[in-house]
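Before any comments, here is the structure.
What follows draws every value from the coordinates through simple rules; no lab data is involved. All of these numbers come straight from a predicted model, not from anything done at the bench. Neighbour counts are summed over all protein chains in view; Cβ atoms, including those assigned to glycine, are modelled from backbone coordinates with ideal geometry.
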Amino acid sequence: MDDAERQLALEGAARRRVAAFAVLAGLLYFGGELWSSLIEAKDPSVGILQGLAPALRGQRAAPIDPRTIHEHFLVNHQVTLIIALVAIGLGAAAMSVPLRYLADAENLRSPAASRVTPYLARFAPLLIAIFLPIYEISLIIGAHSYLSGTARTSHAVSQATGGGVRTVLVLLATLGTLSVAATFVLVSLRSMRVGLLTRMMGGVGIVAGILFVIPLTPLPVVQGLWLVFFGAMLLEFGGRPLPEAWTVSEARPWPSAPPRNQRRGGPRPGRPGRVGRAAAAPPPAPEPVVQRGPSPSASKKRKRRR
């Protein structure tokens, strides 16, 4: 058994497990973000007038910083927020299994294998899974530290919620988000080219990657649906077979779109269209002109007149 056949056997053996991880990742990641959004919707916001109130009164800073209400909110909802963050982290960690599986399968069939996509698929989701929950939990710890003290000034809030460590955590979580976006785009595009993903699944995967960077929707709906649909595709849900490229160790690209004139019912052999008829039809032959002599009745009339 050569390497290609061994890889196909490994793909077939791990297919159901990968499908379960894909569905679980989509549900956990979307569910955690949804839960977190519902909780944060109750967070009292600090308006512009509240922020400018000390300046309007001639004070340099408010004796009680307006952000104190947000720190109380974090402490009062810490349990539910932590559960939502854990769900997001588990969903992001599970995301690496289907992405790595697809990246390895694409590298086997691609004529030019990529060394970047397998590493991105393995480590990029882990950056989100680890550093995003740690950063949010550090904010909850900072809220406890702030409220346990006596000072309620702006300086006290900044010390409790800021710092170099939290800045590093934010940068690492942002790097993870950008890396996951690049992973979705690259893996979906390359897998679509070799025939592992349909054009629809490949296009949705590319859009899902872009939405990590440009979140046009408040929730990761497209990302979660793509993961769930990918798992359903691996399980052949609904009786739909896998694309042909999954059964062989070589690329089976999707056929290109037919020419425009064929899509619109253009000229066909034996059945020319309007343009074909106008161009192919020969010009009508002129009718033959028959030269006739004088008719007998006309000659008789001339004789009688004479």
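Figures for the structure shown
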item: All positions within region 82-107 that are crowded, with 22+ Cβ neighbours inside 10 Å and closer than 21 Å to residue 34 by Cβ; result: 84, 88, 89, 91, 92, 94, 95, 98
item: Count of residues meeting criterion [buried (at least 16 other Cβ atoms within 10 Å of the Cβ) and touching a residue at least 40 places away in the same chain (Cβ under 8 Å)] in region 108-132; result: 15
item: Region 1-48: number of residues that are farther than 18 Å from residue 84 by Cα and of a type outside the set (A, V, I, L, M, F, W, C); result: 13
